[in-house]
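Peer 1: I have a structure I would like to understand better, so I am pasting it below and will then ask my questions one at a time.
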Amino acid sequence: VQLSELLAIRHCVFLMGPTGSGRTEVYKVLARAITKGSATPVNDYLKMTNRKKVTIRDIDPKSISTQELYGFVNMATREWKDGLLSYSMRELGNIPDDNPKWILLDGDLDANWVESMNSVMDDSRLLTLPSNERIRLLPHMKMIFEIRDLKYATPATATRAGILYVSEGRQWHNMVQSWLQRVVRPYAETAKWKDPNQPVQWLSDLFDKYVPDTIFEMVKSYRHITPLSTMNFATTLTNILEGVLKPENLSNKADQALFEMYFVFAAIWAFGGALVEKDGIDYRRNFDKWWKQTWTTVKLPGARLTC
């Protein structure tokens, strides 16, 4: 809803937030909702686009050069060669209807390519190419920038678009709840649990018990071999659990203690697997010590590292 409200008043929007926070799902869900339609649209943009098919062109500007993005003149032949963005804007502009059309630029901002977008982002809505061609962003066309932050954006760029920030917050919890219904419930039915809700509830309780405090500790005190977000930890944890969540490992007679043992195994590797020794600090050994002191339900070997 917030994205549609921004699109009602802006033709360019920064969809901003950490990786894994659900930015992509925001515009995909909105596009599906517009196409499906509503009997009572809640704002002007939804009223104008209600039950119209949304066309999306997704471009990663960081994967190509600026010339490949905007186009260039071949100096040997003096011929103009379109770039991905110029071709997409012209193609969408030539479609003879007023259905909503969105151009997604999925990649971090940097001055090499975004400064040339300033004329598109202001009221003129014109993309000026090196060939002197000008392509207009039509009223039913929108440009959405899916970015992590505005670290390398100039004030001139940052003030030309609406900004929707998708907070990381407890997004991992939403992902876990979806995973429990998508993976754990089918496992319970395959394993012929008398009550399929039982393993779902046990694992949900284990996530609530272990994950929030461990994530807080990871962010506060530890460094990994590569920067990892909250969603990275949660996704790795669910992937490992999905691998061990088999009827041959956890039958329909398994108790809560056995589930917790498998959960602890998965959590140790999800949170501690990427820890390294950095700047003279052995983060893996520190994590081993913290885990054994904090979580004592499942007993671990005292002299050996847990991961």
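Peer 1: If you go through region 208-215 one residue at a time, do you hit one that is more than 17 Å from His173 (Cα to Cα) and of a type in the set (D, E, K, R)?
Peer 2: Within region 208-215, none of the residues are more than 17 Å from His173 (Cα to Cα) and of a type in the set (D, E, K, R).
Peer 1: Those residues that are of a type outside the set (A, V, I, L, M), open to solvent by 40 Å² or more (accessible area, probe 1.4 Å) and in contact (Cβ under 8 Å) with a residue 24 or more places away in the chain, I need them from region 175-196; list them, please.
Peer 2: Gln177, Thr190, Lys192, Lys194
Peer 1: Being hydroxyl-bearing (Ser, Thr, Tyr) and over 25 Å from Leu30 (Cα atoms), is that true of even one residue in region 50-60?
Peer 2: Taking every residue of region 50-60 in turn, none turns out to be hydroxyl-bearing (Ser, Thr, Tyr) and over 25 Å from Leu30 (Cα atoms).
Peer 1: Just to check your reading of the model, which residue among Thr214, Thr235, Thr230 is in contact with an Asp or Glu (Cβ under 8 Å, 6 or more places away or on another chain) and among the polar types (S, T, N, Q)? Outline the logic, then answer.
Peer 2: Values: Thr214 fails: in contact with an Asp or Glu (Cβ under 8 Å, 6 or more places away or on another chain); Thr235 fails: in contact with an Asp or Glu (Cβ under 8 Å, 6 or more places away or on another chain).
One residue alone meets the criteria, Thr230.
Peer 1: Of all residues in region 108-146, count the ones that are at negative phi and assigned to a loop (DSSP other than H, G, I, E, B).
Peer 2: Selection size over region 108-146: 14.
Peer 1: Sticking with this structure for a sec: I'd like the full set of residues that are of a type in the set (A, V, I, L, M, F, W, C) and under 24 Å from the mean Cα position of the chain (by Cα), limited to region 47-78. Talk me through it step by step, then tell me what you get.
Peer 2: Of all residues in region 47-78, those of a type in the set (A, V, I, L, M, F, W, C) come to 48, 54, 56, 59, 64, 69, 72-73, 75-76.
Passing the criteria: Val54, Ile56, Ile59, Ile64, Leu69.
Peer 1: Can you tell me which residues in region 298-307 are over 22 Å from Leu228 (Cβ atoms) and either modelled with pLDDT of 90 or more or open to solvent by less than 60 Å² (accessible area, probe 1.4 Å) (or both)? If you could, list the steps in order and put the result at the bottom.
Peer 2: Initially, region 298-307 is screened for residues over 22 Å from Leu228 (Cβ atoms), giving 298-304.
Result: Val298, Leu300.
Peer 1: Looking only at region 94-125, count every residue that is of a type outside the set (S, T, N, Q), under 19 Å from Ala8 (Cα atoms) and over 25 Å from the mean Cα position of the chain (by Cα) and tell me the total.
Peer 2: The total comes to 6.
Peer 1: Pick from Leu164, Leu129, Leu150: which is within 13 Å of Phe14 (Cα to Cα) and touching a Ser or Thr at 6+ places or on another chain (Cβ under 9 Å)?
Peer 2: Leu150
Peer 1: If Arg160 passes every condition in (1) assigned to a loop (DSSP other than H, G, I, E, B); (2) over 27 Å from Ser4 (Cα atoms) but one, which one does it miss?
Peer 2: (2)
Peer 1: Which fully enclosed helices (runs of 4 or more DSSP H) of region 217-297 have 3 or more residues being open to solvent by 20 Å² or more (accessible area, probe 1.4 Å) and closer than 25 Å to Ala191 by Cα?
Peer 2: So the answer is 230-244, 256-272.
Peer 1: List every residue pair whose Cβ atoms lie under 8 Å apart, where the two residues are 6 or more positions apart in sequence or sit on different chains, the first residue falls within region 114-134 and is in contact (Cβ under 8 Å) with a residue 12 or more places away in the chain and of a type in the set (Gly, Ala, Ser), and the second residue, located anywhere, is part of a helix (DSSP H, G or I) and open to solvent by less than 50 Å² (accessible area, probe 1.4 Å).
Peer 2: Qualifying pairs under 8 Å: Ser116/Tyr70.
Peer 1: Here's a follow-up. Given the options Ala161, Ala111, Ala153, name the one that is open to solvent by less than 70 Å² (accessible area, probe 1.4 Å), in contact with an Asp or Glu (Cβ under 9 Å, 6 or more places away or on another chain), touching a residue at least 12 places away in the same chain (Cβ under 8 Å) and among the small types (Gly, Ala, Ser).
Peer 2: Ala153
Peer 1: Could you grab the pairs with beta carbons closer than 6 Å, sequence gap of 6+ or different chains, first residue in region 272-291 and β-branched (Val, Ile, Thr), second one open to solvent by 30 Å² or more (accessible area, probe 1.4 Å)?
Peer 2: As it stands, the answer is Val276/Ile225, since those pairs meet every condition given.
The values are calculated or read from the model by the stated rules, or taken from the named source; none is laboratory data. Just so we're clear, the structure is a prediction, and the values are computed from it rather than from any experiment. Ideal geometry is used to build each Cβ from the backbone, glycine not excepted, and the neighbour counts take in all protein chains shown. Heads up: the accessible areas ignore ligands, DNA and RNA and are worked out on the full protein's heavy atoms, side chains in. Shrake-Rupley method; radii C 1.70, N 1.55, O 1.52, S 1.80 Å.
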